[in-house]
Amino acid sequence: MAEPNWLQHALGVGVFEFRRSVRAIWQDKARAFLMAAGLVFPSLMLVGFIYLFSGVIRDIGTVSLPPVARGTVALLWLFGVFIATQRVVSARPRIDAESLILTTVSARTVVGGLLVAETLRVLAYLCLPVSVLTGGMVYLFSSPASALLIPLAAVLLGLTAVLVGMVLGYAVALLIATSPFVARHKTVLGGVAVLAAMGGYLFVTLPQFGGVGQEALAVLPVGWFVDLAVIGSPIQGSMTRAAVVGVGSLLVVVGGIALIEREATRLWFTDPVSGEEGQKEESDPAATTSKETRTALADATAPVRIPRGISQPTRRVAQWSILRTRRDPRRLNFLLLPVVIVGSALFSSGMQAESPLAVFVPAAAVLLPWMAGATFAMNPFGDEGSVLPITLISISGLAYVRGVMLPGLLLGLPIAVLVTGGAALVGPFELPAAVGLVGVALLATVVAVSTAPAVGIWFPRFSAISIGQSREVVPPRLVTTAFHFLGVTGPATLLTLCLLNPRFARTLVAGIVGFLPAALLQLVAGEDVGVLSDASTWFYGIGTAVQSVSGESFQLVGGGLLVVGAVVITVLSYRLAVRRFDRYSPSL
Amino acid sequence: MPSIETTALTKRYGSTTAVDQLDFSVPDGTVYGFLGPNGAGKTTTMRILTGLTTPTSGSATVAGVPVTNRDSLRPHIGYLPEEPPLYEQATAYEQLEYVAGLRDLPSRETQNRIDELLDRLDLSPDDAATRIAEYSKGMRQKVAYVQAVLHDPDVAFLDEPTSGLDPRAARTIRELIGELSDEGTTVFLSTHILPVVEEVADTVGILYDGKLVAEDTPDQLTQRAETGETRTLEDAFLELTSTDPAQDDTEETYG
C-alpha cells in the first residue's frame, strides 16, 4: 500500500531528482557543453533542411507513411529501452539516500519518482529536436494538430521506452542481487548482453551484409508512434495503429509501474548475495586463511603476476590498480564513448572495404594502445579518493607512477602487440608492413601508458558520478579523456599512415599545417591585401613545401620525427607525473 | 504500551547470524541507549526496526506497528543513519523542504521548525543556503539530525548522532534528545560515545555478537552487583563485551 498522496509525492521526487541531475551535469561544464552541442547541432541542421527544402516538401503533396519510418521509430524506441535498462542495471539499481527515502515514502512513490525523473531526462534530450520538428510540420503543412500530436507521440515514446527499460533493468538487477552465479559473472554476462544488442542493431541496420533492414521493424507496434504523430499532416498513417499505440501506452504505463514497484521493492529490501559467496566455501578454509594473510593482493589479482624483481611499493600500486579495475569495471564506462564513436565509424568503413582487416589492423595498432593506457591510469588521484593523503606520504612519486603504468605495460602491451601482429599476418599486409604496425602498436602503447598518469595526475577528478551506490567511482574528466585520446591516437594514426601510405600522410600534413590555415585566412582576409593575406601566402608556401617532398623522404623524415617525438613525450610525461606526485598538496 | 518491542528477533546473512534472538522493549517517551562493539549487530537491528530490512525470524513492533508493515511504520519513525543521507547537489533548505514535502508537513510550521532547529544547531541561513557538497562532516550531521526529527516522529532512531560534531554542537544534540524525550518521542540511540549514553539514556542495552548481553539503567550497569562499588559505563561495557570466557559470569550478573 502506498500513502494517500503518492502520485503528488512521486512527482515531487521526480522533479527533485531531475534537478539534481541537471546540477550535476552543470558542474562539469565540458560535459554540459558537449551535451548541448549534441542537441543544438542536429536541431540546427533540421531547421536548415526545413528552410531550404520547404518548397519541395510542400509540392510533394499527400504521401503514405513508408514502413521505413515506422521501422526507424521502432529502432529508436528499442535503443531507448536498451539505454534505460543499462542505466538501471549499471547506474541506478539502488537509490541515493536510500535510508532516508525508504523510511519517508512508499516504494511506489519512489518508483513513480524515478520514472518521472528518467522521463524528464529523456524529454530534455528530445525537447529541442521535437520542437523543431513540430514547428517545421506546422510551418510546412499548416497543420495545427501536429503542434499537439508530435509532442504527445514523443512523450509516449519516451515514457514507454523508459518504463519497459526500467522493468527489464530492475529484473536484471534483482537477478544480480539474488543469484550468486549471476553476481559472480555479471561483468562477462553484461558484456555478452551488450554484444548481443550491438549484433541485433547491426543485423537490423545493415541489410547489405545479410541484415533485415529497418523496415522489417515496421510490424512492431512500438514503431507506430509515428502514425500518431502524422495525424493532421499530408503524410497519411494508419488511424488504427495510432489508436493502438495510444491505448497500448496507457496499458504499459499502468502495468509497468505495478511491475516495477514489485521488482524494486524486492530489490531494495532484499539482502544482496555476494559473487564471492560460493567461491569461498569451495576452497580449503585453512589453506586460504594462512595464504591470505601473506599474499592477499597477489591472490586477488591472479592470474596476473607482477614480476618479483620490481620493487614492493611499485608492485603493490600495480596490483591495487589491477584489482580496482577488476572489482569495479563500471569505472571503465568512460572508455565506451570514444570506442563507440570511432568503433562504429571504423566498422562501417571496414565492412565496405575490400578486406575489412585492411582497416581493422591499423585501427587496432592505434586504439588498443590508447585503451592500454587509459584503462588503469587516467585518473590515479581520483581513484585514490580519500586515501590519497596517505598514499602521498607513503610512497615516492617514482614508485607510484611506475606502479600505475605497470598494468598497462604488463597487460595492455602484449594484447596490443599480439592482436595487431596476429591480424596483420592474416590480413593483406606484407611482412615489413606487419612488422611496422607491430612497432606502431608497441610505441603507441608506451606513449599511452606514460602519458595517461601524467595527464590524470595534473588534471585529477575527485567528484564522483552516480554509478550505483558506490561513491568510489570517479571517472576521469571528459576533457582529460578527450585530450589523451586525441594526443595518442592522432600521432599514432599519422605514423601508421606514414608506414602504409606515405603520400596520403604527406598530403594530410600539408593540408593541416599549410593549405587549410591558408584557405581559412584567405577567407577572412577576402579581397584585402595585408597581414592576413601575407600569412595565408606563407601557410600556402608551407603546404606546397610539404607536398613537394617525395613520399619516401616524407616516410623517413616524418616517421622519424614522430618516433623521436614519442620518445621525448614519454620521458617528459613520466618525469612530469613523478614531479607532480612528489609536490602535490591535496585540498581539504 | 511499549514503543519498541522485539521478540526473538533474528537476522542471518548466509551462515552469519548478525542479530540473535533479541528480546527487549522500550517504554514510550524514553531514551534507549543501544551499545555494542563494531560488528555487534546494532546497525542491522536498527535497519530491521526501521523496516529497511526484514528479520529472518522473530518479530518486532515500533509504535505498535509490526516492522514488516513498512507503509504503516513510516509515519511513526525518524531515522538518522551513521552516514548522513543527504543530496550533495541540494542546499540544506532544499533538502529539508523536500523531505518535509514528502511527509506532507504543513509548510509554514515546517519552515519555522527548520529555522528553529538549524538555529539551535548554529547553522546560519547562509550555511543553510549553501550546497551540501561544501559542508563539513559536522554540518552534514546537523542537517541529517534535523531531517530525522523534523516531523516529530513517535520513535527516533539515531545512529551516532554526535559523530563529527564539535563539543558545543554535541551538547546541543544531547539537549535536543532530552527535549524530544520530554515531548513524548521515544529515542533509540546507538553510539560509541559512552558519556552521551550515560547522560541521556533511561535504559541501556548492550549488544555483543548479535545477543543482548545486558540491559539496565546506566546507574545499575555501573554498579557492581557483588561488591556494590561503582565503575564507569566504559568499564562495564568493556567487561561485558570482552572475548574473555569470564564474560559468561558477567552476563549472568547483568542479564
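The values are calculated or read from the model by the stated rules, or taken from the named source; none is laboratory data. Quick caveat: nothing in here was measured; it's all calculated off a predicted structure. Don't worry about glycine lacking a Cβ; one is built from the backbone with ideal geometry, like all the others, and counts go over all protein chains shown.
Things worth noting here:
- As a summary of the residue check, B:THR162 satisfies the conditions (1) outside any loop (DSSP other than H, G, I, E, B); (2) crowded, with 21+ Cβ neighbours inside 10 Å except for the one numbered (1).
- For region B:177-196, a tally of residues being among the aliphatic types (A, V, I, L, M) and either modelled with pLDDT of 90 or more or under 20 Å from B:ARG47 (Cα atoms) (or both) returns 4.
- Any hit, region A:9-30, residues being more than 14 Å from chain B (Cβ to nearest Cβ), on the phi < 0 side of the Ramachandran plot and either outside any strand (DSSP E or B) or without any contact (Cβ under 8 Å) to a residue 24 or more places away in the chain (or both): yes
- Near pairs, Cβ below 7 angstrom, 6+ apart or cross-chain, from region A:113-138 (free of Cβ contacts under 8 Å to residues at least 24 places away in the same chain and at negative phi) to any residue that is surrounded by 17 or more Cβ atoms within 10 Å (Cβ to Cβ) and of a type in the set (Val, Ile, Thr): A:THR134/A:ILE150
- Hits in region A:59-90 (condition: surrounded by 13 or more Cβ atoms within 10 Å (Cβ to Cβ) and under 20 Å from A:TYR139 (Cα atoms)): A:LEU65
- Yes/no for A:VAL359 being assigned to a helix (DSSP H, G or I), in contact with a helix residue (DSSP H, G or I) (Cβ under 6 Å, 6 or more places away or on another chain), assigned by TED's automatic domain parsing to the domain that holds A:HIS484 and modelled with pLDDT under 90: yes
- Selection over region A:198-220 of residues that are assigned to a helix (DSSP H, G or I), aliphatic (A, V, I, L, M), surrounded by 15 or more Cβ atoms within 10 Å (Cβ to Cβ) and at pLDDT 85 or above gives a count of 3.
- Leading residue by the ranking (farthest from B:ALA201 (Cα to Cα)) among those in region B:7-28 that are small (Gly, Ala, Ser) and in contact with an Asp or Glu (Cβ under 8 Å, 6 or more places away or on another chain): B:GLY14
- The set of residues in region B:50-103 that are of a type in the set (Ser, Thr, Tyr) and more than 7 Å from chain A (Cβ to nearest Cβ) comprises B:THR56, B:SER57, B:SER59, B:THR61, B:THR68, B:SER72, B:THR91, B:TYR93.
- Of all the numbered requirements in (1) buried (at least 20 other Cβ atoms within 10 Å of the Cβ); (2) closer than 30 Å to A:ALA434 by Cβ, A:SER553 misses one, and that requirement is (1).
- A:ALA74 being closer than 20 Å to A:LEU159 by Cβ, modelled with pLDDT under 90, under 27 Å from the mean Cα position of the chain (by Cα) and of a type in the set (A, V, I, L, M): no
- On the stretch given as region A:340-349, residues that are surrounded by 15 or more Cβ atoms within 10 Å (Cβ to Cβ) and under 14 Å from the mean Cα position of the chain (by Cα) total 2.
- One residue from A:GLY382, A:GLY403 being touching a Pro at 6+ places or on another chain (Cβ under 6 Å), crowded, with 17+ Cβ neighbours inside 10 Å, in the same structural domain as A:VAL440 (by TED's automatic domain parsing) and not in a loop (DSSP other than H, G, I, E, B): A:GLY382
- Test: residue in region B:129-145 that is within 10 Å of chain A (Cβ to nearest Cβ), in contact with a Leu (Cβ under 8 Å, 6 or more places away or on another chain), closer than 17 Å to B:ILE173 by Cβ and not aromatic (Phe, Trp, Tyr): yes
- Sole residue being in a helix (DSSP H, G or I), of a type in the set (Val, Ile, Thr), surrounded by 22 or more Cβ atoms within 10 Å (Cβ to Cβ) and touching a Pro at 6+ places or on another chain (Cβ under 9 Å), chosen from B:VAL197, B:VAL146, B:VAL204: B:VAL197
- Test: residue in region A:488-495 that is over 30 Å from A:ARG94 (Cα atoms), within 29 Å of the chain's Cα centre (by Cα), hydroxyl-bearing (Ser, Thr, Tyr) and part of a helix (DSSP H, G or I): yes
- Some residue of region A:337-357 being touching a Pro at 6+ places or on another chain (Cβ under 8 Å), in contact (Cβ under 8 Å) with a residue 40 or more places away in the chain and under 19 Å from A:VAL417 (Cβ atoms): yes
- Count - residues of region A:84-137 that are in a helix (DSSP H, G or I), of a type in the set (Ser, Thr, Tyr) and either within 14 Å of another protein chain (Cβ to nearest Cβ) or within 29 Å of A:LEU152 (Cβ to Cβ) (or both): 7
- In the set (1) within 14 Å of chain B (Cβ to nearest Cβ); (2) without any contact (Cβ under 8 Å) to a residue 40 or more places away in the chain; (3) among the aromatic types (Phe, Trp, Tyr), the condition left unmet by A:PHE41 is number (1).
Rundown of residues vs (1) among the hydrophobic types (A, V, I, L, M, F, W, C); (2) at pLDDT 90 or above; (3) assigned by TED's automatic domain parsing to the domain that holds A:LEU39; (4) over 29 Å from B:ASP104 (Cβ atoms), yes/no style:
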{"residue": "A:ILE83", "(1), (2), (3), (4)": "yes, no, yes, yes"}
{"residue": "A:VAL89", "(1), (2), (3), (4)": "yes, no, yes, yes"}
{"residue": "A:SER99", "(1), (2), (3), (4)": "no, no, yes, no"}
{"residue": "A:VAL116", "(1), (2), (3), (4)": "yes, yes, yes, no"}
{"residue": "A:LEU123", "(1), (2), (3), (4)": "yes, no, yes, no"}
{"residue": "A:LEU128", "(1), (2), (3), (4)": "yes, yes, yes, yes"}
{"residue": "A:VAL132", "(1), (2), (3), (4)": "yes, yes, yes, yes"}
{"residue": "A:ALA147", "(1), (2), (3), (4)": "yes, yes, yes, yes"}
{"residue": "A:ALA171", "(1), (2), (3), (4)": "yes, yes, yes, yes"}
